[in-house]
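The values are calculated or read from the model by the stated rules, or taken from the named source; none is laboratory data. Since the model is a prediction, treat every value here as computed from it, not as a measurement. All Cβ positions, even for glycine, are placed from backbone atoms using ideal geometry, and neighbour counts span all protein chains on display. Please note that ligands, DNA and RNA were not included when accessible areas were found on the heavy atoms of the full protein model with its side chains. Shrake-Rupley method; radii C 1.70, N 1.55, O 1.52, S 1.80 Å.
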Amino acid sequence: MEITAANRNWLDQLNLTHPLVLAGPCSAETETQVLQIAHELKDSDVSIFRAGIWKPRTRPGGFEGVGAIGLKWLQKAKAETGLLMAVEVANATHVKLALEHDIDVLWIGARTTVNPFAVQEIADALQNTDKIVLVKNPVNPDLSLWIGGVERLFRAGIKNLGVIHRGFSVYEKTKYRNNPEWQVAIDLQNRFPMLPLICDPSHITGRRDMIQEVSQQALDLNYDGLIIETHIDPDNAWSDAAQQVTPTRLKEIFEDLKVKKKSSESASYLLEIAKLRTKIDASDSKLLEIMGERMKISEAIGNLKKENKIAVLQNQRWMQILERMKEEGSQKGLSEAFILNFFKAIHQESISHQEKVINK
Ligand code: PEP
Ligand code: MN
């Protein structure tokens, strides 16, 4: 299957200045709340109003959304402001109701993308629709599940497609609510270069004070759009209070964001970037050469351990390496998180090289 320029026509037809902006509350709470926020967002960079009507909660007992009545409020908001309306759908009933209420954009949530049965049910219910359908990444960093979601919709004849990167659940605690794992989104972008890619800094960060920073990172990575949870009274929101911003703050964020061009035709730029890329390529090759040498040393260590009947994993030694590298890394301006990831991967590979010689 091939995602082509035809699948991003909807974005070009909106005819906006880059980037596309979706904003609105995590959840629709009352008619007044929906209308107030929509009116505040009307004359801004926002083109699409988002609001959750059915809310997937990790544990029961929380606010699970106002349900179908909220669709009427969105219809009213659309009539009054002209904004396009977006809701999350998780099953065929949601789809049917959303279509009946003339909702323009449907998104598939992270907890739904993980489930191919649910995605297929949604795709079947949407068969050949000209609505815009956006697939959030699955909760876990599994590129295939995300690709699978897009493919199911594409095969159901849905043409107007896009994806939302909202970060991933990872076992280790990080400063993010959902770790961005930018590489997964970049891999998806490489797989489907024409597919509009939207960043959701609200669910990535979980904190309103980090929205600006992550939005800028997304724009620097050539994302097509941003979806940002926006509430008239964030602290008292019925869901995701900590990450929502006011419409005023949203405007400030956009004033401060530096929007960059995707590329340039300037000859001096092209020459300079080509030179720098050659250097990067050479330095990557050097890196691999060093890694190859390092693994040969690991194999020699493996042989020595074998002769002396010593266990492969020497935890204390590994901790020493890590400490030393964190220290040296920080002197070279490398973050601790990077050093940890980098050396964990090297250590893993090193152990498997040692095991290879030991089990020979
Ligand atoms: C949401 O957008 O409010 C939402 C529930 O998002 P996610 O599926 O990314 O958790
Ligand atoms: Mn939310």
Sort largest first and round to whole Å: the equivalent ellipsoid semi-axes of the chain, each the square root of five times a Cα gyration tensor eigenvalue.
-> 43, 24, 21
Under 17 Å from the Cα of Lys173, which aspartates and glutamates turn up, not counting those fewer than eight places away in the same chain?
-> Glu181, Glu336
Sort the following peptides by mean Cβ neighbour count (other Cβ atoms within 10 Å, averaged over residues), highest first: 170-182, 218-230.
-> 218-230, 170-182
Quantify, in whole percent, the carbon and sulfur part of the accessible surface of the stretch 22-114 (1.4 Å probe; protein heavy atoms only).
-> 50 percent
Would you mind getting the accessible area per residue of the stretch 5-150, heavy atoms of the protein chains only, 1.4 Å probe, in Å²?
-> 40 Å²
Can you give the calculated 222 nm mean residue ellipticity of the chain, where each DSSP H run of n ≥ 4 adds -39,500 (n - 2.57) and the sum is split over every residue, rounded to the nearest 500 deg cm²/dmol?
-> -16000 deg cm²/dmol
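At 25 °C and a viscosity of 0.890 mPa s, what translational diffusion coefficient does Stokes-Einstein give for the stretch 161-284, taking Rh as the Kirkwood radius over Cα pairs? Give it in µm²/s as a whole number. Don't skip to the answer; put the middle values down first.
Values: Rh = 16.3 Å.
In µm²/s, the coefficient rounds to 151.
By its C-alpha gyration tensor, with a ≥ b ≥ c as the square roots of the eigenvalues, how is the stretch 3-123 shaped: rounded for a/c under 1.5, else prolate for a/b larger than b/c, else oblate? Mind dumping the intermediate values first?
On the way: a/c = 1.80, a/b = 1.11, b/c = 1.63.
In terms of gyration-tensor shape, oblate.
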Amide H proximity to Ile228 below 5 Å, modelled H, separation 5+ or other chain, gives Leu22, Ala23, Gly24
Pop a pseudo-label 7 angstrom from the Cα along the beta-carbon direction at both Leu14 and Arg59 and give the gap in nm to one decimal.
-> 3.6 nm
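Measure up Lys305/Lys360; Lys306/Lys360; Lys136/Lys251; Lys286/Lys344; Lys131/Lys159 against 18 Å on the Cα-Cα distance and list the ones that go over. Don't skip to the answer; put the middle values down first.
Working: Lys305/Lys360 13 Å; Lys306/Lys360 10 Å; Lys136/Lys251 24 Å; Lys286/Lys344 20 Å; Lys131/Lys159 8 Å.
Too far apart for the 18 Å limit: Lys136/Lys251; Lys286/Lys344.
From the alpha carbon gyration tensor of the stretch 267-358, can you work out the equivalent ellipsoid semi-axes (sqrt of 5 times each eigenvalue) and give them in Å, largest to smallest? The partial results should precede the final answer.
Details: eigenvalues 227, 62, 14 Å².
In descending order, the three semi-axes are 34, 18, 8 Å.
Using packing as a proxy for protection, rank 187-194, 156-163 so that the peptide with the highest average count of other Cβ atoms within 10 Å comes first. Before the final figure, lay out each step's value.
On the way: 187-194: 15.0, 156-163: 20.2.
Those peptides, ordered most packed to least, come out 156-163, 187-194.
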Of every hundred units of 1.4 Å-probe accessible area on the stretch 239-360, the number belonging to carbon and sulfur atoms, as a percent, is 57 percent
Take the Cα of Arg111, step 7 Å along the line toward its Cβ, and report every residue of the stretch 47-68 whose backbone nitrogen sits under 12 Å from that point.
-> 54-65
For Leu134, Leu334, write out the residues from largest to smallest accessible area, computed with a 1.4 angstrom probe and no ligands counted.
-> Leu334, Leu134
Running Debye on the stretch 246-316 with equal point scatterers at the Cα sites and no solvent, what base-10 log of I(q)/I(0) appears at q = 0.16, 0.17, 0.23 Å⁻¹?
-> -0.78, -0.82, -1.02
Among the helices of the chain (complete DSSP H runs), which have Cα atoms covering no less than 30 Å along the helix axis and a Kyte-Doolittle mean of at least 0.0?
-> 336-358
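Among 136-146, 72-82, 316-326, how do they line up by average Cβ neighbours within 10 Å per residue, starting with the highest?
Working: 136-146: 19.4, 72-82: 16.8, 316-326: 12.5.
Ranking, from highest mean packing down: 136-146, 72-82, 316-326.
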Using Cα centres only, tell me the gap between the stretch 145-220 and the stretch 266-297 in whole Å.
-> 28 Å
From phi via Karplus (6.51, -1.76, 1.60), per-residue ³J(HN,Hα) for the stretch 159-166 in Hz, x at Gly/Pro = 9, 8, 10, x, 10, 10, 9, 10
